[in-house]
Amino acid sequence: MWKALCDLAKPSSEQGPNYQPEDLVAWKKLMKDKRWYVLQADKGGKTVIWKRDHYLKEALRQLQDTSTYEVLSRDEVVLRLKALQILKLKICRLLVNLKCINKAESTRILHQETAPPAIYFLPKIHKERREDTGSLPARPIIAAVGAPFKVLDEYLAGLTACLLPFIPGSLQDTAALLRDLARLPRLPPEAKLFSADVVSLYPSMDWVETLDAAVEFYEEHIKIVSDFCSEKKILPPPPPKEFRLVLSTLLENNIFHLQDSSFYRQLKGTAMGCSMSVYMANTFMYKKTRSLIERPPVGLLYMGRYIDDIIAVWTGSNDDIPSLFDEVIDDNVKLTYVFGGKSVEALDIRISIEENGEISTCLYRKPTEGSQFVHWSSDHPVHLKRSIPYSQLLRIKRNCSKNEDFLIEARALLLKFRARNYPEQVLNKACEKALAMDRKNLLITGNMKILENEEQRLVVVLDYYQPLVKILQEGIREFYSNFQKFPLLNELEHLFGPLFSEEPPMIAYRAGRSLGSMLGPIFKKGPPRT
């Protein structure tokens, strides 16, 4: 059967490599053209050529909302950054005294760059153009890598990551939704599907509500965080009061610039690009929907939520659906609805109710989906390129509950890989392995598998250079073998138990600069001044 499927999917012609040298010259020329910005779409990965004046219209439309953003002068920014450095010093001293961080970590936080990051905007090509500006709406993103509190932000995000799976009603990924759907009993004939989406959740969250929800959940589950720290052999987490202090500092001091020409401070919500945003958004939405989760009304057979996207099974009328969320919506939080009936799209699956009341799912690709697989001739490690077809086939098999849907989607996928010059033997091997995999095992996420079989292996990050791959692998193995025989390490392990995995460090290859990475500086920082 699979051979016949492969034969049907063979392309009529082949394409060349990713790009030729002359293509790169043309690409750079386009990016220097002052009339346009070339950037990624908000969803789907497609490349968008956007008029610069349209980009700026949309940026200013959002930033001129005085209820969300406060305009700052350059001098005010300098003064605020000095004050923030003093505030960081106080927070670090507090955390060191509580033995939540050590002096080395405190030094790292204090020595971090304190320059305001850039804000940039990704076009929502799946939305209609706005009537007031004639431009596409866009999602604001803060390039928070150099933000004054980025290290503290990452510190809290690392501590609270273990809490995300414990937030009731919250879906971590597609596999979690599929597991929920698989547990549903056969649905009655009147059952229907719908979805609800919060309009611009991140910039809309009230600070007091956000802090209350985040700290309340943290305090209720502090033992989970403490056990996580103990297991990882890291210092204990801060108490709820100090956790709130650090979190409020992150929320209330989000200062950024637009192309280094104007400066702003966010007055509500959290920034896309802040590491703690996912935890805050999830706890905020959990508090909003808690009564629906704990005391679901008659007719609400299922409700799951992926951050701000709600998926539900309902037996009542469509007219009654908005009233279910009366306690959720307010002046800041608004919902839009999709009344799907017997079918609705959620995340990357299409959910359907069959005539017998059972739930079925298949792969769903958004209309704006434009991702492209790396070309086989690209200078990536061969084992990485071989893994891509297999992983993509597993994703299809996981999402498709019916075998016929899997075969249709797999055939379409093979066409894409053959167009990228993937060898037949690589594709055939990936197909054989995917067919042999039990779909039930695929509903267990990779993260869950890691938690069950966790190894404290070190990771060495290197630039990929083919001639040195084997030399580096052998050198790392030899070094690690000698390291494990070091007398002091044996003494420490005798006192504290195993500190490192018996396996040598894993090598993670750093991604080289892509064409897409060349896009950022212009629309983030503005064109060079002449």
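The values are calculated or read from the model by the stated rules, or taken from the named source; none is laboratory data. Every value quoted in this text rests on a predicted model; they were computed, and no experiment measured them. Cβ sites come from the backbone with ideal geometry, for glycine too, and all protein chains shown count toward neighbours.
Does residue 238 fit the bill of being touching a Pro at 6+ places or on another chain (Cβ under 9 Å) and either in the same structural domain as residue 441 (by TED's automatic domain parsing) or touching a residue at least 60 places away in the same chain (Cβ under 8 Å) (or both)?
No: the conditions fail for residue 238.
Is one or more of the residues making up the stretch 95-105 within 18 Å of residue 42 (Cβ to Cβ) and surrounded by 13 or more Cβ atoms within 10 Å (Cβ to Cβ)?
For the stretch 95-105, residues within 18 Å of residue 42 (Cβ to Cβ) and surrounded by 13 or more Cβ atoms within 10 Å (Cβ to Cβ): absent.
What residue, among those in the stretch 131-142 that are out of contact with any Gly (no Cβ under 6 Å at 6 or more places or on another chain) and at pLDDT 85 or above, is farthest from residue 202 (Cα to Cα)?
For the stretch 131-142, the residue satisfying everything is 136.
In the stretch 325-348, what count of residues is obtained for those that are farther than 19 Å from residue 363 by Cα, among the hydrophobic types (A, V, I, L, M, F, W, C) and in contact with a Phe, Trp or Tyr (Cβ under 8 Å, 6 or more places away or on another chain)?
Number of matching residues: 2.
Determine which member of the set 165, 140 is assigned to a strand (DSSP E or B) and closer than 30 Å to residue 245 by Cβ.
140
Inspect the stretch 111-128 for any residue being outside any helix (DSSP H, G or I), charged (D, E, K, R), without any contact (Cβ under 8 Å) to a residue 40 or more places away in the chain and within 22 Å of residue 199 (Cβ to Cβ) and give the result as yes or no.
Taking every residue of the stretch 111-128 in turn, at least one turns out to be outside any helix (DSSP H, G or I), charged (D, E, K, R), without any contact (Cβ under 8 Å) to a residue 40 or more places away in the chain and within 22 Å of residue 199 (Cβ to Cβ).
Looking at 243, 217, can you tell me which residue is more than 30 Å from residue 346 (Cβ to Cβ) and part of a helix (DSSP H, G or I)?
243 is the lone residue from the list that is more than 30 Å from residue 346 (Cβ to Cβ) and part of a helix (DSSP H, G or I).
Is one or more of the residues making up the stretch 210-233 surrounded by 15 or more Cβ atoms within 10 Å (Cβ to Cβ), under 30 Å from residue 62 (Cβ atoms) and free of Cβ contacts under 8 Å to residues at least 60 places away in the same chain?
yes
Is it the case, given these coordinates, that residue 134 is surrounded by 15 or more Cβ atoms within 10 Å (Cβ to Cβ) and in a loop (DSSP other than H, G, I, E, B)?
Criteria not met by residue 134.
Just to be sure I understand the filter: pairs with C-beta atoms under 6 Å, separated by 6 or more residues or on different chains, first member in the stretch 430-441 and buried (at least 16 other Cβ atoms within 10 Å of the Cβ), second member of a type in the set (A, V, I, L, M, F, W, C). Which pairs pass?
430/393; 431/2; 434/393; 434/394
Listed here are the residues, each with its yes/no results for (1) exposed (fewer than 13 other Cβ atoms within 10 Å of the Cβ); (2) touching a Phe, Trp or Tyr at 6+ places or on another chain (Cβ under 7 Å); (3) under 26 Å from residue 130 (Cβ atoms).
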residue: 48; (1), (2), (3): no, no, yes
residue: 52; (1), (2), (3): no, yes, yes
residue: 55; (1), (2), (3): no, yes, yes
residue: 63; (1), (2), (3): no, yes, yes
residue: 69; (1), (2), (3): no, yes, yes
residue: 75; (1), (2), (3): yes, no, no
residue: 82; (1), (2), (3): yes, no, no
residue: 89; (1), (2), (3): no, no, no
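Being touching a residue at least 24 places away in the same chain (Cβ under 8 Å), assigned to a helix (DSSP H, G or I) and surrounded by fewer than 18 Cβ atoms within 10 Å (Cβ to Cβ): is that true of residue 108 here?
For residue 108, the condition - touching a residue at least 24 places away in the same chain (Cβ under 8 Å), assigned to a helix (DSSP H, G or I) and surrounded by fewer than 18 Cβ atoms within 10 Å (Cβ to Cβ) - is met.
Here's the yes/no breakdown for (1) at pLDDT 90 or above; (2) more than 30 Å from residue 127 (Cβ to Cβ):
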{"residue": "51", "(1), (2)": "no, no"}
{"residue": "63", "(1), (2)": "yes, no"}
{"residue": "67", "(1), (2)": "no, no"}
{"residue": "84", "(1), (2)": "no, yes"}
{"residue": "91", "(1), (2)": "yes, yes"}
{"residue": "97", "(1), (2)": "yes, yes"}
{"residue": "106", "(1), (2)": "no, yes"}
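Just give me the residues in the stretch 253-267 being of a type in the set (Gly, Ala, Ser) and either free of Cβ contacts under 8 Å to residues at least 12 places away in the same chain or not in a strand (DSSP E or B) (or both), in sequence order.
261
For the structure I just gave you, tell me whether residue 394 is out of contact with any Pro (no Cβ under 6 Å at 6 or more places or on another chain), surrounded by fewer than 18 Cβ atoms within 10 Å (Cβ to Cβ) and farther than 23 Å from residue 183 by Cα.
no
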